[in-house]
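Following: one structure in structure tokens, then a few remarks.
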Amino acid sequence: MEIYNYYAYELNSLFKSGEISASEITKAFLERIRTVDSKFNSFISIYEQPALDAAQNIDTKRARGEQLSGLAAVPVGIKDNIAVKGMKMTCGSKMLENFISPYNASVVEKLYSKDCVIVGKLNMDEFAMGSSSETSIFGVVRNPYDIDRVAGGSSGGCAAAVSAREVPVSFGSDTGGSIRLPASFCGTVGLKPTYSAVSRYGLTAFSSSLDQIGPLSRCVKDTALAYDAISGHDSRDSTSCSFKNTKCFDDLKCGVNGLTVGVPYELFSGKIDPSVEESFNSFLKKAEMLGAKTEEIELKTSRFALPAYYVISSAEASSNLSRFDGVRYGFRANHYTDTNDMYIKTRSEGFGEEVKRRILLGTFVLSSGYYDKYYKKAVNAARQIRNEINSILEKIDVIALPTAPQTAFKIGEKISAPVEMYNNDVFTVIANLTGLPAISFPCGRDNSGLPIGAQLITRAFNEQMLLDMAYTYETDIGGFSSPEL
Ligand code: GLN
């Protein structure tokens, strides 16, 4: 088998047993990236020499008999809105096109301490705003299942790179579904951890009350391993929760016997792609066969979720993105008359259309006279959604939903219809508004062979249950497949 076809946990054990070196693994993946990435455009930047140097160091550690983690020698890719010292961090934007990060995000520090090999930075929608990875100034990310289709967004590069086996694991961010949606479009597993379980220090803020970093990979074991590597308290993120480091990988087990799965049928029945509904329903049947109980639940407040999400996230974005003013970071317009003109020209030229749309919307809903009418209402709606879902989760174990209403759409199909684009997030934003953990994993294919994702949401800090359930399903069906390339 080619090295790039192995899962992360397999690579790690081959490495530990001495069958393969970190340098060989890294070379194999760099070669893979060189061969296939021009088709998918998953990477914005690739750091070959630093990756090879890091691999060599890890080999030396092994030779010295040092203790090595479960992710040691595993090549990983990082979404380009997460800071890696000495590497570019563009956020897919002209605004930061040449920005080199002077420090490491906490998750990156953790990955280095686990001896992962960071091979490069992954493509994304500009500033993580989008559902298709079409708005990056570095060009659109293409779906490994069909290069005329989008990879999903905003972490499209993360999902495409994993699906195309350019890296076994990647780390993205999820504000309203940006890990889960591309995971479902590209047939990978994607986990959005509980809000505050993973430090946001070093993640470029989009909507601080919703953003979370999380892993994407081709199997549940790798997702568990990657989550364990980045979870845990960090004093540099004031919202970070103090809880013990997770050991989901060690504790991973099969079995869903007796678990209650709540399904809000009314939310999607007859309203989504028939192939998505069919695959999702057959996933539910399988879960029942494996011993889970499914029951219909009502999510009365969920119709507020999408509008509340777009109001809150845009409001926070308008404030977070005010730092990009041509003075402190990155791009500055060439021609201007005075300081004010410099701000205006810099922001007009530096940001793309979608980012400007969010800033305008966000500024509007926060402006006096409209604050109560829109922003406050949205915050209230989010509170109601949180209350309803938390009380439902006192009675049942998980909520199951399709990840997206449809499979990967054609490139260009929705880019000029923002509201249609936003509709893709209708099932994912719920987990962000409530802060709850959610996982997406493949549950079938449509008639064109495009992957379909199932999503599970559960109580805060209960990632283990999500991983166990997905693992049970994955084991039962004999593993998730990857595209032929
Ligand atoms: N598609 C959503 C948006 O554009 C979610 C983005 C995200 O999760 N980063 O806001």
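Taken together, the values in this text are just the output of simple stated rules run on the coordinates, not laboratory data. This structure is a prediction, so every number in the text was calculated from the model and none was measured. Virtual Cβ from ideal backbone geometry, glycine too; neighbours counted across all protein chains shown.
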Sites residue 269 and residue 384, calculated FRET efficiency, Cβ-Cβ separation with R0 22 Å, nearest 0.05: 0.45
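Could you check how many percent of all C-alpha pairs in region 220-325 are farther apart than 19 Å?
Numbers: 3941 of 5565 pairs.
The answer is 71 percent, as a whole percent.
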Consider a paramagnetic label point 7 Å from the Cα of residue 368 along Cα→Cβ; state which residues of region 303-328 have an amide N under 19 Å from it. 319
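Sorting 1, 469, 421, 124 on the 10 Å Cβ count, fewest up front, what's the list? Don't skip to the end; give the middle numbers.
Values: 1 6, 469 27, 421 22, 124 34.
Final ranking by Cβ density, sparse to dense: 1, 421, 469, 124.
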Student exercise, region 167-316 dipole from Lys, Arg, Asp, Glu Cβ charges, in Debye to nearest 20: 200
So, relative contact order of the chain in percent, Cα under 8 Å, 6 or more apart, is 17
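Nearest 500 deg cm²/dmol is fine: what mean residue ellipticity at 222 nm does the chain get from its DSSP H runs of n ≥ 4 alone, each adding -39,500 (n - 2.57), divided by its residue count?
Counting only the DSSP helices, I get -12000 deg cm²/dmol.
Quote the FRET efficiency, to the nearest 0.05, computed for residue 45 versus residue 295 with a Förster distance R0 of 41 Å and r equal to the Cβ-Cβ distance. Mind showing how you got there, number by number?
Values: r = 48 Å, r/R0 = 1.17.
So the FRET efficiency works out to roughly 0.30.
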Spelling out what I want: for every residue of region 431-439, take phi, set θ = phi - 60°, compute 6.51 cos²θ - 1.76 cosθ + 1.60 (Karplus), and round to whole Hz; glycine and proline get x. 5, 6, 5, 9, x, 7, x, 8, 10
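Report the Rg/Rh value for the chain, based on alpha-carbon coordinates and the Kirkwood definition of Rh. Show your work: numbers first, answer last.
Values: Rg = 21.2 Å, Rh = 22.2 Å.
Radius of gyration relative to Kirkwood radius: 0.95.
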Pull up all non-local amide H partners of residue 118: gap of 5 or more, or a different chain, and H-to-H distance under 5 Å with H placed in the peptide plane. 76
Expressed as a whole-number percentage, the relative contact order of region 193-350 with C-alpha contacts under 8 angstrom and at least six residues apart is 20
So who's got an amide H within less than 5 Å of the one on residue 70, skipping anything under 5 residues away but keeping other chains? H placed 1.01 Å off N, in plane. none
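Any idea what the relative contact order of region 258-415 is, in percent, if you count C-alpha pairs under 8 Å spaced at least 6 apart?
Working: 166 pairs, mean separation 59.2, N = 158.
That works out to 37 percent.
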On each of the three principal axes of the Cα atoms of region 153-289, give max minus min coordinate, whole Å, ordered largest first. 45, 32, 32
In order over region 337-347: 3J(HN,Hα) from phi, Karplus 6.51/-1.76/1.60, θ = phi - 60°, whole Hz, x for each Gly or Pro, gives 9, 9, 4, 4, 5, 5, 4, 4, 5, 4, 6
State whether region 295-359 is rounded, prolate or oblate according to the following rule on the C-alpha gyration tensor (a ≥ b ≥ c being the square roots of its eigenvalues): a/c under 1.5 gives rounded; otherwise a/b larger than b/c gives prolate, and the remaining case gives oblate. prolate
Rounded to whole Hz and in sequence order, give me ³J(HN,Hα) for region 298-305 from the Karplus expression 6.51 cos²θ - 1.76 cosθ + 1.60, θ = phi - 60°, writing x for Gly and Pro. 10, 10, 5, 8, 5, 5, 7, 4
Cut-off under 5 Å, modelled amide H: who pairs with residue 194 long-range: 461
Enter the Cα centre distance for the pair region 431-469 and region 373-429, rounded to the nearest angstrom. 13
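Need one number: % antiparallel among DSSP beta bridges in the chain, to the nearest 5. Each step should come with its number before you reach the end.
Numbers: 32 of 46 bridges.
Roughly 70 percent of the beta bridges in the chain run antiparallel, per DSSP.
Exposure proxy check: 21, 269 ranked by fewest other beta carbons within 10 Å?
On the way: 21 18, 269 12.
Least crowded to most crowded, the residues run 269, 21.
Too long at a 24 Å Cα-Cα cut-off: which of 110/356; 39/94; 110/192; 79/377? Could you put the intermediate results ahead of the total?
On the way: 110/356 34 Å; 39/94 22 Å; 110/192 18 Å; 79/377 32 Å.
Result: 110/356; 79/377 exceed 24 Å.
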